Structure formats: structure tokens, C-alpha cells
Amino acid sequence: MSTRSPMRGLALGALLAGVAASPAAQGSTLTALDYIEIQQLVNRYAFAIDNCTNNGYDYADLYTPDGVFYWGVGSRKSVGREQLAEAAGGGKNGCKKLEQATAENPLATHTTVNLIIEPSPDGASGKSYLVYPGVLGTHADSTHSGHVGGYQDVYVKTAKGWRFKSRLHVFPPDVPGTVDIEKTYGPPTGDVVGSSGTVSPIVSSLEATTRFYVDLLGLESDTPTIASARDTPPPPILRLEGTPDGRMRWNHVPYPGSGWRSEFLEFTEVERTPVHARIQDPGTATVILQVRDVDALLAKLKHAGAAVLTPGATPVAIQAATGAYRAVVVLDPDGHFVELRQPALVPSNAPAGNVIGGHVRIAIADTDATMRLYRDQLGFAPRVGAFTTDKVFSALIGLDNAQYRMASAVIPGRPELTLEFIEFRNVDRKPLRSRIQDPGSVRLSFNVRDLDAAVAKFTDAGGAVITTGGKPVSLGQGAPYIVVRDLNNFYIILRQQGPPQ
């Protein structure tokens, strides 16, 4: 016999009816049970990803068969059951995160709060905040990451119940529920439509560079490729680079956990003048690598005699909107800048090695002029900040009292590739005037909708064509290429977009 109070039952019924018929629902077709089941779906998500149950497939099965998890606004995405299981740390990764967790570095515990569910034409949408509570309850240290943004969800009702159609992790300053996913991940509308994800530091010795990135940082490299003017016939790639009488060697080093890779280029049998640039000089680039253990890598680099830019040669603790981390800036053998950044909490689904992610930042002379090219002409959609002074960031790069202005954008057509632009002021700067073959120069790569139109926009903005003869070159792969120099002295391979496959 039930002992429930009739008044209590009435109150609960009224509450659920009120949820279903809330004015916010705007003609909702969701029932009270729908709201409860979606809440349970969201709750099951946290337990499934934290514990990697059923090798991650319990997590994957919370999505529709074609469901998508977006790792951040403009970040990479995991699509379908296998990739989603891997995103939870399982699948082919085998839930190694459970074995790697320690008392000092515990697994993150997902806590989703303030969930708002609203009806939509296809089912329902949701937004919530995400918190990683600390095991010891302390704030802003390795055991507590605090507020880490939130989620923006799309739910659909299937034969097996409510499932995620998509879930987007939204980091500050973006607000869950306000991100236009179609605009961020949809087909690009401007001139740039993609990228190979290649940043090409020009180096003086491919062997020395490979030792730095492979032997010291623990990355992997492919076998070098060689092109020489002495070959018969001379490879067209030499004309593409504007060095028809020279010799090139290059290899590729991918950065795990990201779509970026470095293609290290060594030019010989041509005149070369090494560049000795500073981090604030327009035309320099910094590869930012997320790592598991910055102290271990730094010790290894110091032992090998690598130069450290950060004063004191000690990592700096930084509290950013996307979470806390410790970072140090080092120099590779040619003076290219590498920031090693260890997050306070390593993601549970991070790659197994020490390097677990990465992106690229370039120093520019003038943000407004650069954005007129990249945003207004080429189709980038950057978030442009104001000038600021940050003592902690200044301590990281060794520039006291410097002001800087940051703009961040994903590369159109490759939302997992983040490219940052930084402009300094109140500090001495000297723009690079290097040639493409000079060690210390940097080259990027974009795919474009119309090669001639893109070239015109680069030259109109103060750039120049570098390719010998000023005409596109075919490398035997269908679409033509050309190399331009932009207004900040970055060299860029432009590749004509091929026909639809």
C-alpha cells in the first residue's frame, strides 16, 4: 500500500506538467517523460566517459549511429561509433587512461549542471555548464580545473530512446547555445577552402632538426624526400619554390592529437642567410605543442643543450579561459619557437605519447591590415581581441611590459586546425625580410577556390608571387600550385581546389 501523500503526488504532477507546458517551450511537443529521459541521457554520458565502460562503446551508444562529438568550437570532431568510442578513451585505444590514472593525476570527473532543454523541429536541443570537480576540493591547481565551459547539444528520439545527434564542447568566452555549428563546420564560403595542415619551418640541417623533434620531443618522421636541379628532368617543385637551380630535402613530423604537421625544408646549392628573429618580430611562427609532462621534456632538452627562451628556463603557470596549464618556450636548432604546454588535466582521450596536441601562432605587423586580407578577402572568421598586458604571458616569452593583441581562427574547411595571429607593441620589433630558402623562414599551405583570384588578393595586400616565372606549377597531381609571400613575410603554398570527387 502506498504511503505517498496525495498532495505530494499532486504537486509533482503539477511540476512535471509545468515543465512540459513551460512558456519557454513555445508550443513544445516534448512530454514530461521526454525531459526526464534526456536528463538521464546527459547523466549517463558523464559516467560512460569517465569510466570508459564497455571499452568506450557505452559512451558511443549514447549517440545516433552518425552522431558527432565536437571537441571545441572549430576543433576536430569524432563521428560514428568507432571514433566516439576512441573519444571516450576506448576503442582501439583500449581504455589505457584507466591504467594511467594516479592519485597525483586523477581522471577528470565530468559534472554537467544547469541543463536547459528546449524543443526543436527535429527533437530537442540542450545547453549546460561543465565542471571538473577537484578530488581534494582545491582551486586552480592540478586537482581542480573548475569551470571548463559547457555543452551545446542536439537530441533526437530513436527506437532505442533519446540519443545525442551532436554534442559540442564550448570553451569560454563562447557561450553554450550561441554557437552556429553550420557556420563553423559547414562548407567555406570564401577563397580559402582547406589546408594540408602543414607548417614548414625552413632549416639549415634536416638531420639536426630531426634529432630535435624526433629524438628529444619523441615525435615520428617519415623518410626525407629529395629534389635537385641536377635531376633529369629537373623537378617542377624547385620552380614552385622559386629556387630552380637549387636542391631541396624535406620530411614530415605530425603532431598527435591535431591535424597539424611540420614539413621541415632544407634548401642547399642556393645562397642562404640564416634568420635570427625574435618572437615578437612579424614573420616568425611558434608551434604550440600540448604535452603530458613538460618537466621531463624540458630536462631532456636542457641536457641536449637546447636554448630556452623563457627566463629562468622554468615553466610558467598560466590560468587561461580554456583551463590552467604550465608552459615554457624553447628554440629548435634554427631558432624556430616551440611552446611546450602541459594542461592541468590531460584529456582522458589524449594520444598515448608525450605530445598530445598542437596548433600554430604567427607574429604579424598589423592586425587590422592582416585581417583585411585573411578575414575580409580570404574568408577566415577570426575572434579578434584587444591589446592587453599580461605579466604571466610576458614572463613566458621574456618580454617585460609588452602589449599584445591576439586573433584566433580556424582554417576554412579544416575546423580542427587553429591558426593564431599575434601583434606586439611597446616592444622593439623588426619585420623579417628573409627569402624562402633562408633558415628561419616559415611557409604555410592553403587550398583555394580560385587560384588566380587568391593570388591577386595576396599581391593587392602587399605580398608577392615567389614561384619562378610567376605562373602556377603542376606537380603531377592534377591541381596546380603557386607560392606567394604575404604582407608579413610568411610564404604560402596555394593549391587550386580540385573538382568534386
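For Ala313 and Phe47 in the same chain, what is the full-extension length gain: residue separation times 0.36 nm, less their Cα-Cα distance, in nm?
91.7 nm
Tell me, what ³J(HN,Hα) does each residue in region 232-241 have, in order and in whole Hz, if you take phi through Karplus 6.51 cos²θ - 1.76 cosθ + 1.60 with θ = phi - 60° and put x for Gly and Pro?
In residue order, the calculated couplings are 10, x, x, x, x, 5, 5, 5, 4, 7 Hz.
Over 45 Å apart: what share of the alpha carbon pairs of the chain falls there, rounded to a whole percent? Walk me through the numbers before you get to the answer.
Details: 23962 of 125250 pairs.
So the pairs more than 45 Å apart make up 19 percent of the total in the chain.
Hey, any idea what % of the chain's accessible area is carbon plus sulfur with a 1.4 Å probe?
Reported share for carbon and sulfur atoms: 53 percent.
Projected onto the charge dipole of the chain (+1 at Lys/Arg Cβ, -1 at Asp/Glu Cβ, origin at the Cα centre), which of Val328, Val42, Ile279 gives the Cα projection farthest towards the positive end?
Val42
Tally the DSSP beta bridges in region 421-501 and give the antiparallel ones as a percent, rounded to 5.
Bridges in region 421-501 that DSSP calls antiparallel: roughly 55 percent.
What list of ³J(HN,Hα) couplings, whole Hz, do you get for region 372-381 from phi and the Karplus terms 6.51, -1.76, 1.60, once you set θ to phi - 60° and write x for glycine and proline?
3J(HN,Hα) across region 372-381, in whole Hz: 4, 7, 6, 8, 6, 9, 9, x, 5, 10.
Which whole-Hz couplings ³J(HN,Hα) result when phi for each residue of region 250-264 is put into the Karplus expression 6.51 cos²θ - 1.76 cosθ + 1.60, θ = phi - 60°, listed in order with x for Gly and Pro?
Going residue by residue, I get 8, 9, 10, 10, x, 9, x, x, 8, x, 7, 8, 9, 10, 7 Hz, with x marking Gly and Pro.
Using DSSP loop states and a limit of at most 15 other Cβ atoms within 10 Å to flag GluC sites (Glu not before Pro), what is the longest stretch of the chain containing no flagged site?
272-501
Nearest 10 degrees, 0 to 90: what angle lies between the long axis of helix 32-51 and the longest principal axis of the chain (Cα atoms)?
50
Which distance in nm do the two modelled labels at Ile36 and Arg433 give, with both placed 7 Å along the Cα-to-Cβ direction?
7.5
Report the charge-dipole magnitude of the chain in Debye, nearest 20, computed about the Cα centre from +1 at each Lys and Arg Cβ and -1 at each Asp and Glu Cβ.
Here the size comes out at about 400 debye.
Using a 1.4 angstrom probe with every protein chain in place, what is the largest-first accessible-area order of Ser120, Ser474, Ser441? Please report the intermediate quantities before stating the final value.
Numbers: Ser120 40, Ser474 65, Ser441 0 Å².
Solvent-accessible surface, decreasing: Ser474, Ser120, Ser441.
Given a 1.4 Å probe and heavy atoms of the protein chains only, how would you sort Ile116, Ile202, largest accessible area at the top? Working shown, then result.
Working: Ile116 80, Ile202 0 Å².
Largest accessible area first, the list is Ile116, Ile202.
If you scale each eigenvalue of the Cα gyration tensor by 5 and take the root, what three semi-axes come out for region 384-471, rounded to whole angstrom and sorted largest first?
Working: eigenvalues 179, 67, 31 Å².
Working through the eigenvalues yields semi-axes of 30, 18, 12 Å.
Put a dot 7 Å past each Cα toward the Cβ at Thr225 and Asp66; how far apart are the dots in nm?
Result: 3.4 nm between the two label points.
Report, in deg cm²/dmol and to the nearest 500, the calculated mean residue ellipticity at 222 nm for the chain, where each DSSP H run with n ≥ 4 adds -39500 (n - 2.57) and the sum is divided by the residue count.
-5500 deg cm²/dmol
Compute the acute angle (0 to 90°) between the alpha-carbon long axis of helix 6-20 and the principal axis of greatest extent of the alpha-carbon atoms of the chain; round to the nearest 10°.
30
Pulled fully out, how much extra length does the chain show between Ser474 and Thr459, if you take 0.36 nm times their separation in residues and subtract their Cα-Cα distance?
Details: separation 15, 0.36 × 15 = 5.40 nm, distance 2.11 nm.
Working it through step by step, the gained length comes to 3.3 nm.
Mind computing the radius of gyration and Dmax over the alpha-carbon atoms of region 128-271? Å is fine for both.
Rg, Dmax (Cα atoms, Å): 23.6, 68.
Given the C-alpha centroids of region 157-206 and region 257-328, what is the distance between them in whole angstrom?
With region 157-206 and region 257-328 each reduced to a Cα centre, they are spaced 25 Å.
Where both partners of a DSSP beta bridge lie in the chain, what percent of those bridges are antiparallel, to the nearest 5?
If we restrict to bridges inside the chain, about 80 percent are antiparallel.
Might you work out the accessible area of Ser128 for me, using a 1.4 Å probe with all protein chains in place, and round it to the nearest 10 Å²?
We get 0 Å² for Ser128.
I'm a student and want to see the number: the projected area of the Cα convex hull of region 346-501, averaged over all directions, in nm².
Details: hull surface 49.1 nm².
In nm², the orientation-averaged hull projection of region 346-501 is 12.3.
With respect to the cross-link table entries Lys127/Lys391; Lys96/Lys183; Lys165/Lys457; Lys92/Lys183; Lys77/Lys391; Lys127/Lys183, which display a Cα-Cα separation exceeding 29 Å?
Pairs exceeding 29 Å: Lys127/Lys391; Lys96/Lys183; Lys165/Lys457; Lys92/Lys183; Lys77/Lys391.
For region 158-234, what percent of Cα pairs sit more than 20 Å apart?
Summing the P(r) of region 158-234 above 20 Å gives 67 percent of all pairs.
For helix 294-303, what angle does its Cα long axis make with the longest principal axis of the chain, in degrees from 0 to 90 and rounded to 10?
Between helix and principal axis, roughly 20 degrees.
Taking only the C-alpha atoms, wrap a convex hull around region 305-419 and report its volume per residue in Å³ as a whole number.
Enclosed volume per residue, from the Cα hull, is 141 Å³.
At 1.4 Å probe size, put Leu345, Leu301 in order of accessible surface, largest to smallest.
Final ranking, largest accessible area leading: Leu345, Leu301.
Which of the listed residues, Asn489, Pro382, Gly353, is farthest toward the dipole's positive end in the chain, when Lys, Arg count +1 and Asp, Glu count -1 at the beta-carbon?
My answer, from the dipole projection, is Pro382.
Return one whole number: the accessible area per residue of region 165-281 in Å², for a 1.4 Å probe.
Heavy-atom accessible area per residue stands at 44 Å².
The values are calculated or read from the model by the stated rules, or taken from the named source; none is laboratory data. On a predicted model such as this, the values are computed, not experimentally measured, just so you know. Because the Cβ atoms are built from the backbone with ideal geometry, glycine has one as well, and the counts that use them run over all protein chains shown. Accessible surface is based on the protein model in full, side chains and every heavy atom, while ligands, DNA and RNA are left aside. Shrake-Rupley method; radii C 1.70, N 1.55, O 1.52, S 1.80 Å.
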